[in-house]
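Comments concern the structure below.
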Amino acid sequence: MSNTTQTINEQDQKSVTNKRYLPLLLVNYGFLFIGSLSSSLLSKYYFNHKGSSRWVSTWVQSAGFPLLIIPIVVPYYLFKSTQRKPFTGFTPKILALSIFIGFMLGVNNLLFSWGNSYLPVSTSSLLLSSQLVFNLILSVIIVKQKITFMNLNCVILLTLSSVLLALESSNDQPRDVTKTKYFIGYLATIGAGLLFALYLPIMEMVYKKVYCYAMVMEMQMVMEVAATALASIGMVFDGGFTEMKREGYQVFDKGEKVYWATVVSNVVSWQLCFMGTAGMVFLTCSLTGGICMTALLMMNVVGGVVVYKEEFGGVKVVSTVMCGWGFCSYAYGMYVKNKMLKDRDDGGGGGHDSDDKNVGSYNPIEMTQIVNSSSSSSPLHHIG
């Protein structure tokens with residue numbers, strides 16, 4: 001075996017020639033859609049009904065990591081659809097990176113909890129769209145993302161929607177929240193957006209060396225374990241576990257059963273959200289993943305208005321429209337660019353036809369790829 005190459009049995013699920021790519025992408029976006037909307041509403045539901053521990057709210061965001069065992073072990077042990085054993089090729093470097101990113105994710109979860117405890121869902125969701133500016137800048141620096149009219153236009157529109165919201169934020173302040181707490185929540189939400197914007201391009205950089213979706217889930221599981229460990233330490237020092245029992249019995253105004261149902265639902269919804277995020281970044285790129293997440297914030301805004309009867313004045317209407325406009329323009333530009341790449345490949349013949357034949361000669365569920373520094377890129381990483 002060469003020192004510069006390593007042959008491993010795994011499926012290149014980033015390739016547009018793979019028949020499982022589109023279904024896998026749609027499933028992950030579905031997870032992201034359901035997880036993002038439900039976790040945002042459930043987190044606010046917890047605070048609205050006298051839940052008060054931000055460490056509890058932080059802990060539930062990552063405590064569902066055991067659910068990731070399903071996509072990790074089921075394909076190998078139950079369906080026999082892959083020959084790759086779980087955690088094969090999981091090097092010490094990848095382990096260290098996953099733990100470090102997990103701690104960073106834990107801090108991000110805490111900031112989000114602080115912001116969500118003080119701000120309305122709609123305001124928090126629109127503020128989080130500001131992460132796209134940071135995402136674009138950091139993507140350019142970390143993964144050499146090319147700035148195009150398509151992505152720049154989208155980022156500008158989504159950023160302006162946040163600025164408009166900020167100019168009118170004083171009118172949206174909840175009655176039971178002081179100006180100081182509202183300001184803290186505002187800054188914490190912006191900080192969560194900044195940290196998550198850093199998380200996405202770092203993950204894209206790491207995923208360039210990963211070809212298997214199961215390995216993405218393995219890394220995600222290690223990250224969630226690290227984030228849960230950080231939150232658990234905070235829970236211990238702040239009395240969070242004792243607080244959970246007391247809240248369930250005495251504080252939560254909907255009763256103990258509803259309290260625990262809320263906690264469990266939060267755990268599941270956050271895992272769906274993070275699974276979808278990891279899958280989107282792996283299958284596309286960090287900027288595309290960030291834009292898709294920001295587009296879903298529109299649904300969070302609508303959800304906050306419908307479920308919690310939050311105000312939906314002119315500023316929020318304009319911000320939401322701009323958010324949708326930015327995403328639609330980006331999605332259309334991405335569609336046109338994808339179509340051009342496919343037309344070029346179909347007309348080019350030669351190497352691409354040969355690659356397609358080679359793909360067809362293997363079992364589509366189990367393919368052999370040569371992993372080295374020159375084979376890590378995917379046509380999808382050049383989209384956007």
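The values are calculated or read from the model by the stated rules, or taken from the named source; none is laboratory data. If you're wondering where the values come from, they're calculated on a predicted model, not measured in any experiment. All Cβ positions, glycine included, derive from the backbone under ideal geometry; neighbour counts span all protein chains shown. The area values use the complete protein model at the heavy-atom level, side chains included, leaving out ligands, DNA and RNA. Shrake-Rupley method; radii C 1.70, N 1.55, O 1.52, S 1.80 Å.
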Points 7 angstrom from Cα along the Cβ direction at LEU78 and LYS257: gap in nanometres?
2.9 nm
Any idea what the dipole of the range 205-336 comes to, in debye rounded to 20, about its Cα centre with Lys/Arg Cβ at +1 and Asp/Glu Cβ at -1?
260 debye
Nearest-0.05 FRET efficiency for LYS342 and LEU22, computed from C-beta distance (R0 22 Å):
0.95
Give the residue list of trypsin sites (Lys or Arg not before Pro) in the range 14-123 that are DSSP loop and have at most 15 other beta-carbon atoms within 10 angstrom.
LYS19, ARG20, LYS50, LYS80
Per residue, in Å², the accessible surface of the range 24-345 once ligands and nucleic acids are set aside, probe 1.4 Å
43 Å²
Classify the range 24-345 from the C-alpha gyration tensor, please: rounded if a/c falls under 1.5, else prolate or oblate depending on whether a/b exceeds b/c.
oblate
Between ILE141 and TYR332, with labels modelled 7 Å along Cα→Cβ, what's the label distance in nm to one decimal, could you check?
3.3 nm
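Quick one: putting +1 on the C-beta of Lys and Arg, -1 on the C-beta of Asp and Glu, what dipole do you get for the range 24-345 around its Cα centre, in Debye to the nearest 20? Walk me through the numbers before you get to the answer.
On the way: 24 positive and 15 negative charges, 135 e Å.
Once rounded to the nearest 20, the dipole reads 640 debye.
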Distance check, please: which entries in LYS144/LYS339; LYS146/LYS337; LYS181/LYS245 exceed 18 angstrom between their Cα atoms?
LYS144/LYS339; LYS181/LYS245
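Just subtract the alpha-carbon distance of LEU67 and THR88 from 0.36 nm times their residue separation and send over the number in nm, one decimal. Walk me through the intermediate numbers first.
On the way: separation 21, 0.36 × 21 = 7.56 nm, distance 1.95 nm.
My answer for the length gained is 5.6 nm.
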Expressed in nm to one decimal, what extension gain is obtained for the pair VAL317 and SER52 from 0.36 nm per residue of sequence separation less their Cα-Cα distance?
92.4 nm
